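Below is one structure. I have some questions about it.
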2 protein chains.
Amino acid sequence: MEILDLDPIIHERVRLGIMTLLLQAGELDFQTLKRELGVTDGNLAQHLRVLEEHGLIRVHKAFAGRRPRTTYALTPEGHRRLQVYLDRLARILKSARRKRGSI
Amino acid sequence: MEILDLDPIIHERVRLGIMTLLLQAGELDFQTLKRELGVTDGNLAQHLRVLEEHGLIRVHKAFAGRRPRTTYALTPEGHRRLQVYLDRLARILKSARRKRGSI
DNA sequence: CCGTTATACTTTGCCACACAAAGTTCTTTT
DNA sequence: AAAAGAACTTTGTGTGGCAAAGTATAACGG
């Protein structure tokens, strides 16, 4: 079944949240992600590292004034794999809505 | 963010597969689920038990001839929660497709 | 009648993973 | 000098997925 083809790295909820936020915004900083997702910073950092290690996002360390401000964005590869994931999800959704019986 | 409201019990891939198959077919037996999902029987049994323990599916033990044939179907509660899950997923998908920039 | 096969599990063992909480480094602000 | 903020890392703990093997019941084949 096609559901099992869903990328397990992306399928995890927090990471799916990160990926879709980045898809919409293009680029986001640590604080924004943390606030949007409502997770602890340690937890967020770990998920970000998983995504980076798999080449799905890139990290850009910069400064706002003299404060560090790290921003994150999808890599082309991450963008591509997210699209595949979302396409499969859309197809699953459509087939789930189709042909429903009873209740 | 809304992604974190996705029901973790349903979100797991094999269980999502079971639930959507049952939504479409109404009722399925163990062998069909196993074949469709391509998982081991032990693995399938465990996921089915999780779903049953959470009240999302009901189990009906019957016989085909004199062979045991267990069938599974969504409970009303399972049906309701799957709908909520799918609705949230659809909204996430729509918002992800909206407003995409670059690449 | 006895070994094999099928169904539907349960049990065992293992590794990965999610998460919280606390610690760390560097720097800025007061 | 002290406190606070950013972005982590480390540690600890519990849960979870999965494969593989074992189990109970019953049918089938020779």
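Just round it to a whole percent: the fraction of Cα-Cα distances in chain B exceeding 20 Å. Provide the component values of the computation, followed by the final result.
Details: 2292 of 5253 pairs.
The answer is 44 percent, as a whole percent.
Taking the label point as lying 7 angstrom from Cα along the Cα-to-Cβ axis, what are the distances from A:F63 to the corresponding position in the remaining copies, in ascending order and in nanometres?
Shortest to longest, the spacings are 8.1 nm.
For every helix of n ≥ 4 consecutive DSSP H residues, a contribution of -39,500 (n - 2.57) applies; sum these over chain A, divide by its total residues, and give [θ] at 222 nm rounded to the nearest 500 deg cm²/dmol. Don't skip to the end; give the middle numbers.
Details: 5 runs with 60 residues, N = 103.
Taking each H run of at least 4 residues, the total per residue is -18000 deg cm²/dmol.
May I ask for the angle, rounded to the nearest 10°, between helix A:76-97 and the longest principal axis of chain A, with both axes built from Cα atoms and the value confined to 0 to 90°?
Around 30 degrees separate the two axes.
Find every distance from the label point of A:G42 to the corresponding label point in the other copies (7 Å from Cα along Cα→Cβ) and write them in nm, one decimal, shortest first.
Shortest to longest, the spacings are 3.3 nm.
Another question, if that's okay. Against the empirical 2.2 N^0.38 Å scaling, what ratio does the C-alpha Rg of the protein assembly as shown come to?
Values: Rg = 19.7 Å, N = 206, 2.2 N^0.38 = 16.7 Å.
Cα-based Rg divided by the globular estimate yields 1.18.
Is the range B:1-60 rounded, prolate or oblate when judged by the Cα gyration tensor, a ≥ b ≥ c being the square roots of its eigenvalues, rounded requiring a/c under 1.5 and prolate requiring a/b larger than b/c?
Details: a/c = 1.73, a/b = 1.66, b/c = 1.04.
The shape class here is prolate.
I need the phi-derived Karplus couplings for the range B:43-49: 6.51 cos²θ - 1.76 cosθ + 1.60, θ = phi - 60°, integer Hz, Gly and Pro marked x.
With coefficients 6.51, -1.76 and 1.60, one gets 4, 4, 4, 5, 5, 4, 5 Hz.
Another one. Of the cross-linked pairs A:K94/B:K34; A:K34/B:K94; A:K61/B:K94, which ones have a Cα-Cα span greater than 28 Å in the structure shown? The partial results should precede the final answer.
Working: A:K94/B:K34 22 Å; A:K34/B:K94 22 Å; A:K61/B:K94 31 Å.
Cα-Cα > 28 Å for A:K61/B:K94; rest within.
Mind listing the label-point distances from B:L93 to the same position on all other copies, shortest first, one decimal in nm, points 7 Å along Cα→Cβ?
0.4
Taking H as built 1.01 Å from N, whose amide H comes closer than 5 Å to the amide H of A:L56, not counting residues under 5 places away?
none
Within 10 Å of each Cβ in B:34-47, how many Cβ atoms from other chains are there, averaged over the peptide? Before the final figure, lay out each step's value.
Details: counts 0, 1, 3, 3, 2, 2, 0, 0, 0, 0, 0, 0, 0, 0.
Neighbouring Cβ atoms belonging to other protein chains average 1 per residue here.
Counting only residues 5 or more places away or on other chains, whose amide H sits under 5 Å from the amide H of A:T70 once H atoms are built in the peptide plane?
Under 5 Å from the amide H of A:T70 lie the amide H atoms of A:F30, A:A62, each far enough along the sequence or on another chain.
How many Cβ atoms of partner chains, on average, are near each residue of B:13-23 if near means within 10 Å of its Cβ?
Numbers: counts 8, 3, 1, 8, 6, 2, 2, 9, 4, 0, 9.
Taking the mean over all residues of the peptide, I get 5.
As I understand it, the value is the acute angle between the Cα axis of helix B:13-25 and the longest principal axis of the Cα atoms of chain B; what does it come to in degrees, rounded to 10?
Result, in degrees: 70.
Bear in mind these aren't lab numbers, they're just calculated from the coordinates by the rules spelled out. All figures in this text were calculated on a predicted structure; none of them were measured in a lab. Here Cβ is always computed from backbone atoms with ideal geometry, including for glycine, and neighbour counts include all displayed protein chains.
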